[in-house]
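Peer 1: Got a structure here, written out as structure tokens. Questions coming.
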Amino acid sequence: MSKDKMQSQAVQTTGHAWDGDLQEYNNPLPRWWIWTFYLSILFAVLYWIWFPAWPVAKSFTPGVGKITYVDAKGVTKTTGWNTRADLMREMNELAAIQKPFFDKVAAQPYAAIAKDPDLNNFIASAGKQLFADNCATCHQAGGQGKIGFFPNLADDDWLYGGSFEKIQETLIQGRRGYMPPFGEALSGEQIDQLANYVLSLSGEKMDTAKADAGKALFHSETAGCFYCHGDDARGRPVIGAPNLTDKIWLWANVPNADGPSTKLAAVQNVIKSGLNKGVMPAWGQRLKPEQIKVLTVYVHELGGGK
């Protein structure tokens, strides 16, 4: 290789030198990197122009991009591009796709909906979204609820009835469960006896003698538990009184209690303190009738229905 060619391939220096032989190399950036850098600057400028970007006093540059959408009141608006308007536009498009199905659900009786595969597929999708937006906060994503707070919708145990009509009624008008506190009306011994009897109904470990006394108390005028829960303790859906014999616990967290004494204490606490937190809001004024109907079918199928 010639000397000239070797010099042309050698790394160039800036001409600066320190301590005689310490030199500063001149290594230019690759062309592809430089062009990428220039293109990124161009992209940023175009982005600033098209989209809202720079703050100006108490406002901002609106950009030149426009978007048209229909707001929640049904008014068509055209405005500068922004994420909120873009979300509304996407929701409008989704609503337009779903409308024929919602209309069909609204026009069909529940029995016909249950036999229509296309409507059932739609309800599985749209109902899941409606449930996630409006119901999952309390009942959890899968409808499993939370003991002590919100009922399980996936266990086929229905406080007010599991028919389409009853579920729709629940959604439209809401529910308010209530159990009076017995802490002052009954003695500690009587509450203990009732708790043992309630545990016996679900096959839990208990004191047999106390359970027998609790059974008599349950059906007596003193406690009057049978008025709401029935003579057989299977509950009364007309008032939302739960079945005490099905091993499904809504308020007393017996399944997760650590040992018989903790289970007994959980039931005692419910009897003593009562319940005034079983409130479900009414959705009749919040959701459209067709949305209520879709949710009704979704919840019905979620728990197996009746």
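Peer 1: What number, in nm² with one decimal, is the all-direction average of the projected area of the convex hull of the alpha-carbon atoms of segment 1-127? All intermediate terms of the calculation are to be shown ahead of the outcome.
Peer 2: Working: hull surface 80.1 nm².
Reported value for the Cα convex hull: 20.0 nm².
Peer 1: Okay, next question. Could you grab the Rg to Rh ratio for segment 85-138? Cα atoms only, Kirkwood for Rh. Don't jump to the answer; show the numbers that get you there.
Peer 2: Values: Rg = 12.8 Å, Rh = 12.3 Å.
In segment 85-138, Rg relative to Rh is 1.04.
Peer 1: Could you give log10 I(q)/I(0) at q = 0.14, 0.15, 0.21 Å⁻¹ for segment 12-62, computed by the Debye formula over C-alpha point scatterers of equal weight, without solvent?
Peer 2: One equal scatterer on each Cα of segment 12-62 leads to -0.61, -0.63, -0.80.
Peer 1: From the list [x] 1.09; [y] 1.33; [z] 0.94, can you say which value of Rg/Rh (Cα atoms, Kirkwood Rh) was derived from the structure given?
Peer 2: [y]
Peer 1: For the chain, calculate the relative contact order in percent as a whole number, restricting contacts to Cα pairs under 8 Å that are 6 or more residues apart. Intermediate values should be presented prior to the final figure.
Peer 2: Details: 402 pairs, mean separation 56.7, N = 306.
Reported relative contact order: 19 percent.
Peer 1: Do any trypsin sites (Lys or Arg not before Pro) in segment 92-168 lie in a DSSP loop with no more than 16 other beta carbon atoms within 10 Å, and if so, which?
Peer 2: Values: sites: LYS104, LYS115, LYS128, LYS146, LYS166; in loops: LYS115.
Filter output for segment 92-168: LYS115.
Peer 1: Could you size up the charge dipole of the chain around its Cα centre, putting +1 on the beta carbon of Lys and Arg and -1 on that of Asp and Glu, and report it in debye to the nearest 20?
Peer 2: Values: 30 positive and 30 negative charges, 198 e Å.
With only Lys, Arg, Asp and Glu charged at Cβ, the dipole is about 960 debye.
Peer 1: What FRET efficiency do you get for ALA112 and ALA132 if R0 is 35 Å and r is their Cβ-Cβ distance, rounded to the nearest 0.05?
Peer 2: Numbers: r = 26 Å, r/R0 = 0.75.
With R0 = 35 Å, the Cβ-Cβ based efficiency is 0.85.
Peer 1: Mean projection of the alpha-carbon convex hull of segment 175-280 over all orientations, in nm²?
Peer 2: 6.2 nm²
Peer 1: Also: How many angstrom separate the Cα center of segment 205-276 from the Cα center of segment 170-201?
Peer 2: Segment 205-276 and segment 170-201 have Cα centres separated by 6 Å.
Peer 1: Report the relative contact order of segment 1-110, percent, no decimals, based on alpha-carbon pairs under 8 angstrom and at least 6 residues apart.
Peer 2: On the way: 89 pairs, mean separation 13.8, N = 110.
Averaging sequence separation for qualifying contacts and normalising by length gives 13 percent for segment 1-110.
Peer 1: Oh, and also: List the aspartates and glutamates whose Cα sits under 16 Å from the Cα of LYS293, skipping any in the same chain fewer than 8 residues away.
Peer 2: Excluding near neighbours in sequence, the set is ASP103, ASP116, ASP118, ASP133, GLU165, GLU169, GLU301.
Peer 1: While we're on this one: When you count, for each residue, the other Cβ atoms within 10 Å and take the mean per peptide, how do 251-258, 296-303 rank with the highest first? Mind showing how you got there, number by number?
Peer 2: Numbers: 251-258: 15.9, 296-303: 22.1.
So the peptides 251-258, 296-303, ranked by packing, come out 296-303, 251-258.
Peer 1: If one takes the longest principal axis of the Cα atoms in the chain, at what angle in degrees, from 0 to 90 and to the nearest 10, does the Cα axis of helix 188-201 lie?
Peer 2: Once rounded, the angle reads 80 degrees.
Peer 1: What lysines sit close enough to LYS277 to cross-link, taking a C-alpha to C-alpha distance under 19 Å and skipping anything fewer than 8 places away on the same chain?
Peer 2: Of all the lysines, those that pass the test against LYS277 - Cα under 19 Å, at least 8 places apart if same chain - are LYS146.
Peer 1: Plugging the Kirkwood radius over Cα pairs into Stokes-Einstein for segment 65-107, at a temperature of 37 °C and a viscosity of 0.692 mPa s, what D comes out in µm²/s? Don't skip to the answer; put the middle values down first.
Peer 2: Details: Rh = 11.2 Å.
Rounded, D is 294 µm²/s.
Peer 1: Kindly provide the helix-only [θ] at 222 nm of the chain, computed as the sum of -39,500 (n - 2.57) over DSSP H runs of four or more divided by all residues, to the nearest 500 deg cm²/dmol? Spell out each step's value before the answer.
Peer 2: Numbers: 12 runs with 146 residues, N = 306.
Value at 222 nm, helices only: -15000 deg cm²/dmol.
Peer 1: Would you mind putting 261-269, 230-238, 51-59 in packing order, based on average other-beta-carbon counts within 10 Å, highest first? If you can, show how the numbers build up before the last one.
Peer 2: On the way: 261-269: 18.4, 230-238: 14.7, 51-59: 10.2.
Highest-to-lowest ranking by the protection proxy: 261-269, 230-238, 51-59.
Bear in mind these aren't lab numbers, they're just calculated from the coordinates by the rules spelled out. Nothing here was measured: the structure is a model prediction, and the numbers come from that model. Glycine gets a Cβ as well: all are built from the backbone with ideal geometry, and neighbour counts include every protein chain shown.
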